[in-house]
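To start, the structure under review is shown below, and the notes come after it.
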Amino acid sequence: MTASDVQSPDDIGSDQVNVTCTVNGKPAAFSVPPHRTLMDALRYQLGLTGTKTCCAEGECGACTVIIDGAGVNSCLMLAAEAEGRDIVTIEGLGAEKPRGICDLQESFLEAGAVQCGFCIPGQVMAAEYLLRTNPDPSVEEIREGMSGNLCRCAGYQRIVAAVQMTAQKRAIP
Amino acid sequence: MTDKEKRTDVAQQTIDDVALQTIDDERAMTGAPLDSEQADALAGRLQGGVKQGHGSGGAASATVGASIRRYGGDDRVTGHQKFLSDLRFTGAAEATLVTLPVACATITKIDTSRAAEMPGVIAVVSAADLPQPVPRFGISHQDRPVLADGEVLYHGEPVVAVVAETLDQAESAAREVEVTFDERSGVFDLEQALESGAPLVRDPSLRPADDENRDSNVLETALYEWGDNSAAADGADVVVENTYTFPMVTHFPIEPGGTVAVPTDSGGLDIYSPVQHPYLLQRTIAKVVGLPLAQVRVFAPDPGGAFGGKQNPKLEPLLAFLALRTGRACRLVLSLEQTFQMMRRAACRVKARTGFTTDGALVFHDLECDYLIGAYADVAPRVMTKGSYVAAGPYRIPNARTAARAVMSNTTPSTAFRGFGSPQVAWATESQMDAGARQLGLDALQVRQRNLVNEGEAFFRGPYEATADGQWHQSLEKAAELIGWGQPLAPNRGRGIAVAIKPGATSGLSQSLVRFLADGSAIAYAGTSDMGQGARTLWQQILAHELGTPLDKVRVISGDTGIVPFDLQTSASRSTVFMGNAVLEACLDIRQRVLALYAEATGVDAAALSEAPGVLVTPDGEMPLLEASRVALGALGGEFVGQGTARRQGRKGHPLGGDAAFYEFNCTAIEVEVDFETGELLLHKHVSVSDVGTELNPLQVISQDEGASIMGLGHSQMEQLLVDDHGVIRNLGALDYRIPTFKDVPVELITHGVENHDGPGPYGSKGMSEGALLCTSGALGSAVSDAIGMPVRDLPLTPERVWTTLNQAGAQPGGGEADT
């Protein structure tokens, strides 16, 4: 039994909210208490535990997902707000690719950007969002664009390299 | 057991520090294009093979010495890696903790009746519900109660645990628990804790009667002394005397972690916890709940960052009792805030007095180091003992005295943290070297060149002398070269350089099994926790090299005390050396077994056979090991199993329990620009050079050195835990406690590894994962002082602190300073 399977009497309002949305290209439907964050709904309702929980207050970026094309801290969004939205999580990013790994994820491995790995799904999602909005970022733009994602192993140089590497790969048609 | 007996016990246990091993080198990924020389050098590092080695005759290798991708990397980039909080347990109940809003209090009443009636609640447990007396545990002193026993001694100490069907229900019920308490006066900093008549954190009646410090907050002391400081002081031409402080900082692992305890059908317990020391946890749980070791199985999912904070048991004993009491799997996932209340680095104040001759030679060095530890001992006494052991620095000092104390306070119990007490004292000694140099008209490089020991020369004297185990001057010179020492500086800029050492593990036992399977694939069982340092990648590389198995056919199994042989711990950057040698030995064992069975199967005289990495050498030439093993195994098939053990005994009487297996030596140099209007620092260039022996995986070495450098900058520039008058942590959480982000990385960050293949690990390697933060503070302080013409003696160097220093009388950009 998981945290959200049973309705809590302490929930604000006793009603569950039914949410239908698109997650990683597929329709998804779930029912949550109104105060449940999208981060927890992804992790516990949908079992998509690649989205990580660290600070749970929008500072660390470990829970970053892409919603309707925008990078979002899923801990700061209520699950109920996901109604009708198109959500991409780390599990969806390379799902269609060989080995389940997209070019950006490949670059993270190649550049040595992965240490303990806990922040990495969030870093990858933030980098994907950055590259979609700025396909050829400078180092300064990468540092600025990624500054909402903490890495205590401090693999920052390697992550910058991975983003640069991906930009170069994508520039070649 | 008395406290004294416990201490003896501990000395024999050999506790060491922080984990994270690997190896090291150079890198400048700054966005500026590499020039061709740099590019060549980098390409060489990333592809290079082993140049010589202890284990295997020094054959160049496509695997060892190459930047092999991280083992387990695919799962980490796809989100499939299962960390503790990602694991699912059928029928698990959720646990939550009740704590008090103060640090120090006597508990007068706990009323759980309302909470127990709440929906979904399975159990509400306080100390009264535990075996009596309440079990206590700890690595050096068995002082930490499973739940608060009549009092709380620090902010966040758990008083009551609530177990319910869901987390919502557990949290709702927790709010209905009524704890009545009387707040007591606590001590939250060194001044308070050492004041005469200060409230005592530990009741003197719990301490041995002959403990001379029992009526104080001093828990343990260390004294290292050689020569005669007072006599030597007369011979010094220049004496500098200053006090330096290093604040409390917290580990801030991005994975907060947690524990799940699962009762087994046979009356035992499975414990899931992302710890660095699964075997220590197994032993602790077995002892606390009274089960045989074989009935306690610890699963240690990869820690999502640990840095020393996930070494020693904390809440696991509580979860074990909850699981036994409820008969349910009990799950507790921590918040980041809770990690602040569970782990931190000891703050430190160092009073230093140092004498030099006119030509800059050290005459004497006198240090009084007070480490502010927390409310329970954890491994903090060892941090004090081992950190202060190297307080005088890697220098040629004829006379030295270091007196250190571990001082208890009503704060989060301090524990191992990357560097293990060395960064705090290096901050003081390195600043003193600069202070002396300024008075003598020398620069920071010259004073270090003058005093740094040569290979084989003692930096710690006396019956247990310690000598330099590497050519440390090479690192100093390389860092000076890479930072551009002596070149003109732009306005408002300063340059600093510093060195430091840390003793590696002093003893230990690592065991490994390797299975060489019928198809040539191989499995290593190695108990090192892989928390980001990439230990498993190294084992994979060693197997590939020694057995000739392709990298992608090597598996590594760790994190399960039920099937993986014993490993003392993942700490003190020991694993490359200790477990590395065990894995290497297991591979050699396999080759010898193949040889013996091949001789038996073929009738070839064993004396005519020999083995080498990946091959059996027969009179007809080299044969791939796989082919030889097939011949040897014959029709029955099967596999070869090799065993390896790395055992290092301590040394009786040694102040650290034994000589360090190796030293981590690092030299860091920094060029900084100071904004004189705001006090902000802009780091233009940061150079970190470590003496690493051999880089087994250059990319992982780079990652460790860059990571440690940036973590060191966090400690030096922005991090500090603040507590209020009630001992409550004021900056509890990511909003208020800053760690470095992408934007805090120096404009240019270069790391370099000096390789002389002179380490005790496989192929001449040394442990290296802590080196790059040992003297970061010293180098930054040196650079800032150079820029503003004023010394800085307190960390962190926030804009406010720099600005305040600047606005004291006498600040002159690039000007001199009056040390007294």
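Starting from residues that are facing chain B (nearest Cβ under 7 Å) and of a type in the set (Lys, Arg), keep the ones in the range A:121-156 and report whichever is farthest from A:ARG170 (Cα to Cα).
Filtering first and then ranking leaves A:ARG152.
What do you reckon, is B:ALA391 part of a strand (DSSP E or B) and touching a residue at least 12 places away in the same chain (Cβ under 8 Å)? Spell out the reasoning first.
Values: part of a strand (DSSP E or B): no; touching a residue at least 12 places away in the same chain (Cβ under 8 Å): yes.
When the stated conditions are applied, B:ALA391 does not pass them.
All but one of (1) facing another protein chain (nearest Cβ under 8 Å); (2) part of a loop (DSSP other than H, G, I, E, B); (3) at pLDDT below 95 hold for A:ARG99, so report the exception by its number.
(2)
Please determine whether any residue of the range B:308-326 is surrounded by fewer than 24 Cβ atoms within 10 Å (Cβ to Cβ) and in contact with a Gly (Cβ under 7 Å, 6 or more places away or on another chain).
The answer is no, given that none of the residues of the range B:308-326 is surrounded by fewer than 24 Cβ atoms within 10 Å (Cβ to Cβ) and in contact with a Gly (Cβ under 7 Å, 6 or more places away or on another chain).
Evaluate the range B:758-769: report whether one residue or more is within 30 Å of B:GLY65 (Cβ to Cβ), out of contact with any Pro (no Cβ under 8 Å at 6 or more places or on another chain) and among the aromatic types (Phe, Trp, Tyr). Break it down into steps so the answer makes sense when it comes.
Going residue by residue through the range B:758-769, those that are within 30 Å of B:GLY65 (Cβ to Cβ) are B:758-769.
If we keep only those that are out of contact with any Pro (no Cβ under 8 Å at 6 or more places or on another chain) too, we end up with B:758-765, B:767-769.
Going one step further and asking which of them are among the aromatic types (Phe, Trp, Tyr), we end up with B:763.
Scanning the range B:758-769 turns up at least one residue that is within 30 Å of B:GLY65 (Cβ to Cβ), out of contact with any Pro (no Cβ under 8 Å at 6 or more places or on another chain) and among the aromatic types (Phe, Trp, Tyr).
How many residues does the range A:79-96 hold that are away from chain B (no Cβ under 11 Å) and under 15 Å from the mean Cα position of the chain (by Cα)? It would help to see each step written out before you state the result.
We begin by selecting, within the range A:79-96, every residue away from chain B (no Cβ under 11 Å); these are A:79-88, A:96.
From the residues that got through so far, the ones that are under 15 Å from the mean Cα position of the chain (by Cα) too are A:79, A:82, A:85-88.
Count: 6.
So, in the range A:42-56, of the ones that are out of contact with any Cys (no Cβ under 7 Å at 6 or more places or on another chain) and at the interface with chain B (Cβ under 7 Å from one of its Cβ atoms), which residue ends up farthest from A:VAL88 (Cα to Cα)? Spell out the reasoning first.
Our first condition is that a residue be out of contact with any Cys (no Cβ under 7 Å at 6 or more places or on another chain); within the range A:42-56, this holds for A:42-50, A:55.
If we keep only those that are at the interface with chain B (Cβ under 7 Å from one of its Cβ atoms) as well, we get A:49-50, A:55.
Working: A:THR49: 13, A:GLY50: 11, A:CYS55: 21 Å.
So, considering only residues that are out of contact with any Cys (no Cβ under 7 Å at 6 or more places or on another chain) and at the interface with chain B (Cβ under 7 Å from one of its Cβ atoms), the one farthest from A:VAL88 (Cα to Cα) is A:CYS55.
Considering B:VAL275, B:VAL260, which residue is in a strand (DSSP E or B) and either more than 27 Å from B:CYS348 (Cα to Cα) or in contact (Cβ under 8 Å) with a residue 60 or more places away in the chain (or both)? Lay out the reasoning, then the answer.
Working: B:VAL275 fails: in a strand (DSSP E or B).
Exactly one of B:VAL275, B:VAL260 is in a strand (DSSP E or B) and either more than 27 Å from B:CYS348 (Cα to Cα) or in contact (Cβ under 8 Å) with a residue 60 or more places away in the chain (or both), namely B:VAL260.
Restricting the range B:351-388 to residues that are in contact (Cβ under 8 Å) with a residue 60 or more places away in the chain and of a type in the set (Phe, Trp, Tyr), which is nearest to B:ASN451 (Cα to Cα)?
B:PHE356
Here are some conditions: (1) at the interface with chain B (Cβ under 9 Å from one of its Cβ atoms); (2) at pLDDT 95 or above. A:SER31 meets all but one. Which one does it not meet?
Here A:SER31 clears every test but (1).
Just checking, does the range B:300-322 include any residue being part of a loop (DSSP other than H, G, I, E, B), polar (S, T, N, Q) and closer than 16 Å to B:LEU281 by Cα?
Of the range B:300-322, the ones part of a loop (DSSP other than H, G, I, E, B) are B:300-315.
Imposing the further condition that a residue be polar (S, T, N, Q) reduces the set to B:311-312.
From what's left, closer than 16 Å to B:LEU281 by Cα: B:311-312.
Yes, because at least one residue in the range B:300-322 is part of a loop (DSSP other than H, G, I, E, B), polar (S, T, N, Q) and closer than 16 Å to B:LEU281 by Cα.
Looking only at the range B:116-164, how many residues end up being among the charged types (D, E, K, R) and within 14 Å of chain A (Cβ to nearest Cβ)? Break it down stepwise before answering.
As a first pass, look at the range B:116-164 and keep what is among the charged types (D, E, K, R): B:117, B:129, B:136, B:143-144, B:149, B:151, B:157.
Subset that is within 14 Å of chain A (Cβ to nearest Cβ): B:117.
Looking only at that region, the number is 1.
Please verify whether A:GLU128 is surrounded by fewer than 17 Cβ atoms within 10 Å (Cβ to Cβ) and assigned to a helix (DSSP H, G or I), treating the condition exactly as stated. It would help to see each step written out before you state the result.
Working: surrounded by fewer than 17 Cβ atoms within 10 Å (Cβ to Cβ): no; assigned to a helix (DSSP H, G or I): yes.
Here the answer is no, as A:GLU128 does not meet what is asked.
Does the range A:30-54 hold any residues that are within 13 Å of B:ILE254 (Cα to Cα) and free of Cβ contacts under 8 Å to residues at least 60 places away in the same chain, and which are they? Don't jump to the end; show me each part of the working.
Filtering the range A:30-54 down to residues within 13 Å of B:ILE254 (Cα to Cα) leaves A:51-54.
The one that is within 13 Å of B:ILE254 (Cα to Cα) and free of Cβ contacts under 8 Å to residues at least 60 places away in the same chain: A:THR53.
Here are B:GLY227, B:GLY186: which of them is more than 14 Å from every other protein chain (Cβ to nearest Cβ), in contact with a strand residue (DSSP E or B) (Cβ under 9 Å, 6 or more places away or on another chain) and farther than 23 Å from B:ALA347 by Cα? Step through it out loud before you land on a result.
Numbers: B:GLY186 fails: farther than 23 Å from B:ALA347 by Cα.
The unique qualifying residue is B:GLY227.
Among (1) among the hydroxyl-bearing types (Ser, Thr, Tyr); (2) crowded, with 21+ Cβ neighbours inside 10 Å; (3) modelled with pLDDT of 95 or more, where does B:THR99 come up short?
Of (1) among the hydroxyl-bearing types (Ser, Thr, Tyr); (2) crowded, with 21+ Cβ neighbours inside 10 Å; (3) modelled with pLDDT of 95 or more, only one is false for B:THR99: (2).
Is it the case that B:THR106 is away from every other protein chain (no Cβ under 12 Å), surrounded by fewer than 17 Cβ atoms within 10 Å (Cβ to Cβ) and at pLDDT 70 or above?
Yes: the conditions hold for B:THR106.
Could you tell me whether the range A:18-27 includes any residue that is within 12 Å of another protein chain (Cβ to nearest Cβ), of a type in the set (Val, Ile, Thr) and either farther than 25 Å from A:GLY100 by Cα or crowded, with 22+ Cβ neighbours inside 10 Å (or both)? Step through it out loud before you land on a result.
Within the range A:18-27, the subset within 12 Å of another protein chain (Cβ to nearest Cβ) is A:24.
Now restrict to residues that are of a type in the set (Val, Ile, Thr): none.
No, that holds for no residue.
Could you tell me which numbered condition B:LEU551 fails, if it satisfies all but one of (1) closer than 30 Å to B:PHE420 by Cα; (2) within 14 Å of another protein chain (Cβ to nearest Cβ)?
Condition (1) is where B:LEU551 drops out.
Return the residues of the range B:57-86 that are more than 9 Å from chain A (Cβ to nearest Cβ) and either within 30 Å of A:ASP103 (Cα to Cα) or touching a strand residue (DSSP E or B) at 6+ places or on another chain (Cβ under 7 Å) (or both); say none if nothing qualifies. Working first, answer last.
Residues of the range B:57-86 more than 9 Å from chain A (Cβ to nearest Cβ): B:57-66, B:68, B:71, B:84.
Listed by number, the residues that qualify are B:GLY57, B:SER61, B:ALA62, B:THR63, B:VAL64, B:GLY65, B:ALA66, B:ILE68, B:TYR71, B:LEU84.
Which strands (runs of 3 or more DSSP E) sit wholly inside the range B:628-726 and have at least 2 residues that are of a type in the set (A, V, I, L, M) and within 14 Å of chain A (Cβ to nearest Cβ)?
Values: elements: B:640-648, B:663-674, B:681-691.
In the range B:628-726, the matching strands (runs of 3 or more DSSP E) lie at B:681-691.
Okay, residues lined up against (1) crowded, with 24+ Cβ neighbours inside 10 Å; (2) assigned to a loop (DSSP other than H, G, I, E, B):
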| site | (1), (2) |
| --- | --- |
| A:PRO34 | no, yes |
| A:THR51 | yes, yes |
| A:GLY61 | yes, yes |
| A:ALA80 | no, no |
| A:ILE87 | yes, no |
| A:GLU91 | no, no |
| A:GLU106 | no, no |
| A:LEU109 | no, no |
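Of everything in the range B:338-354, what is crowded, with 24+ Cβ neighbours inside 10 Å and more than 20 Å from the chain's Cα centre (by Cα)? Give them in sequence order.
Result: B:VAL350, B:ALA352, B:THR354.
The values are calculated or read from the model by the stated rules, or taken from the named source; none is laboratory data. Quick caveat: nothing in here was measured; it's all calculated off a predicted structure. In this analysis, Cβ positions are derived from the backbone assuming ideal geometry, glycine residues included, and neighbour counts consider all displayed protein chains.
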